1. Trypsin sites (Lys or Arg not before Pro) within the range 1-107: which are DSSP loop residues with at most 15 other Cβ atoms inside 10 Å?
2. Of the peptides 148-155, 11-18, how do they stack up when ordered by the mean number of other Cβ atoms within 10 Å, highest first?
3. Taking the range 94-180, how much of its Cα-Cα pair set, in percent, is spaced more than 19 angstrom apart?
4. Given a Förster radius of 30 Å and the C-beta distance between ILE122 and GLU52 as r, what FRET efficiency does 1/(1 + (r/R0)^6) yield to the nearest 0.05?
5. For the range 106-119, take each phi angle, set θ = phi - 60°, evaluate the Karplus expression 6.51 cos²θ - 1.76 cosθ + 1.60, and give the result in whole Hz per residue in order, putting x for glycine and proline.
6. For helix 3-25, what angle does its Cα long axis make with the longest principal axis of the chain, in degrees from 0 to 90 and rounded to 10?
7. According to a simple spin-label model (label point 7 Å from Cα along Cα-to-Cβ), what is the distance in nm between VAL25 and GLN153?
8. Distance between the C-alpha centers of the range 1-76 and the range 121-180? Whole Å please.
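Bear in mind that the values in this text are calculations on the coordinates, not laboratory data. The model shown is predicted, which means the values in this text are computed figures rather than measured ones. Note that we place each Cβ from the backbone using ideal geometry, even for glycine, and neighbour counts take in every protein chain shown.
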Amino acid sequence: MSRLVRIIISAAAGLLILLVIVLGVTPGGLELILAPIKGGPPLLVLPLQPGEHFTIHYYHSVENAPIWETHSLDKDGRIYIEEERYLKFGAGMGRMPGVGRMVHREPFEVIENMHMPTGNFILRIGSPGVNHTVIWRGTRTNLSETAAHVAVQFSAQPVSLLYRLMRQLYPDPATPKLDI
């Protein structure tokens, strides 16, 4: 092998290593993971960008009225509740002083502009009638059908651009398929 070929191969290898390092330290968004607290594989893995929303929709166990809770993540992976929407007040529902603004969007009562930090949280998934469903990028995943009565932790973390690109090629089995 000639000296020129060795130099070209070494330069290409160096550039490839540099590219992997740069992609490994460049922010690539976030990943929201819903996993049973007692262990086991994640029920749902959602790639998100900072500020992007996901919604938890369910039916109140006492009132049987629909409720939507819209959440977001900041760049560090902290979870915030942004809005609650429901047809009527039920047990445990209603305005919290100093949090958000109550408005009426026919036919719903809405607490908007909440931006209240929840951090990672645990949700006990309700029975099939409660229909705890996560809505993300037009997909709907009904957790009550697959994990009724299971305590599930919602947690998020920043990921590198390299990780995000790898997940685009090889999605997590718990990531819903988008209709494109």
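1. LYS38, LYS75, ARG78, LYS88, ARG95
2. In descending order of packing, they fall as 148-155, 11-18.
3. 63 percent
4. E(calc), rounded to 0.05, equals 0.85.
5. Rounded to whole hertz, the list is 2, x, 9, 9, 9, 9, 10, 6, 6, 6, 9, x, 10, x.
6. 20 degrees
7. Placing both labels 7 Å beyond Cα along the Cβ direction yields 3.0 nm.
8. The range 1-76 and the range 121-180 have Cα centres spaced 12 Å from each other.
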